[in-house]
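Written out below as C-alpha cells is the structure these notes cover.
Laboratory data are not the source of any read-out in this text; all were calculated from the coordinates shown. Note that the structure is a prediction, hence the values are computed from the model and not measured. Don't worry about glycine lacking a Cβ; one is built from the backbone with ideal geometry, like all the others, and counts go over all protein chains shown.
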Amino acid sequence: MALIGLIVILPIAGLALWANLAIYEWLQRSEFKQTWRNRYRGHVIAGLILGIGLTFFVHYRVNKKIGVDGFPIPIKLTDVQANGEWKDAEMPAPIRYGAIITDMLVGVALSGLPIAIALFFKENAGKLDERGRPLI
C-alpha cells in the first residue's frame, strides 16, 4: 500500500526519460553538426544543476500545516504537530529514491526543451506539407 506513489512517479519519470533520449537520438541520426551536440551537453549539465535544485533546495508550504520538499515529485513531507513543531513524514525508500531520480530527469528534460525547439525549426525550415504550404 505504501508504494502507491509509484503510480504517479513512474509515468512522469518515463516521460522525462523518453524526452531526454528522444533529443539525444534526434541529434545522433540527423544532419546536425558537432556544435549542436556540444550545446546539448551544456544543456544536460545545466539540467543536472536544475534537477539538484528542484530536488534538494525547493521547499514550499501547501498550507499553514503542510510543507513539501522537492518538485515536481515531493521527496519529503512535513506537517505541524499539536505542539507547533514541524515533523517529517516517513516515506518509503522506493518512493523517496524514485522521486529523486524523477526530479533529476525532469530538470534535464526541461533544460533540453530549448534545444528541442531549435532542432525542430532547423530541421523543418523550408519544408512544405502535402498542399505546398510551409510547415513552419
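Quick notes on this one:
- Here the calculated FRET efficiency for Leu17 and Ile117, from their Cβ-Cβ distance with R0 = 22 Å, stands at 0.70, rounded to the nearest 0.05.
- Dipole-positive endmost among Gly112, His59, Leu15 within the chain (Cβ charges, Cα centre): Gly112
- Span from the the range 116-132 Cα centroid across to the the range 42-60 one, whole angstrom: 31
- With viscosity 1.567 mPa s and temperature 4 °C, the Kirkwood radius over alpha carbon pairs of the range 45-106 converts through Stokes-Einstein to a diffusion coefficient of 107 µm²/s.
- Across q = 0.20, 0.24, 0.25, 0.29 Å⁻¹, the range 75-134 modelled as identical point scatterers on its alpha-carbon atoms has Debye log10 I(q)/I(0) values of -0.86, -0.95, -0.97, -1.07, in the order of the q list.
- Calculated on the alpha-carbon coordinates, the convex hull of the chain measures out at 144 cubic angstrom per residue.
- Mean residue ellipticity, 222 nm, helices only, the chain: the sum of -39500 (n - 2.57) across DSSP H runs of n ≥ 4, divided by residue count and rounded to 500, is -19500 deg cm²/dmol.
- Note on the chain: lysine pairs with Cα distance below 16 Å, sequence gap of 8 or more or different chains, count 5.
- Converting phi to 3J(HN,Hα) with the Karplus coefficients 6.51, -1.76 and 1.60 and the offset θ = phi - 60°, the range 87-103 yields 10, 6, 7, 6, 10, x, 4, x, 5, 4, 6, x, 5, 4, 5, 5, 4 Hz in sequence order, with x at every glycine or proline.
- For the chain, a Gaussian network of Cα nodes joined below 10 Å ranks Ala109, Ala99, Ala89 by mean-square fluctuation, and the top entry is Ala89.
- Arranged from fewest to most other beta-carbon atoms within 10 Å of their beta carbon, Arg37, Arg61 become Arg61, Arg37.
- Which of Trp18, Trp36 has the fewest Cβ neighbours within 10 Å, and the rest in rising order: Trp18, Trp36
- Sorted by Cβ density within 10 Å, fewest first, the residues Thr102, Thr35, Thr55: Thr35, Thr55, Thr102
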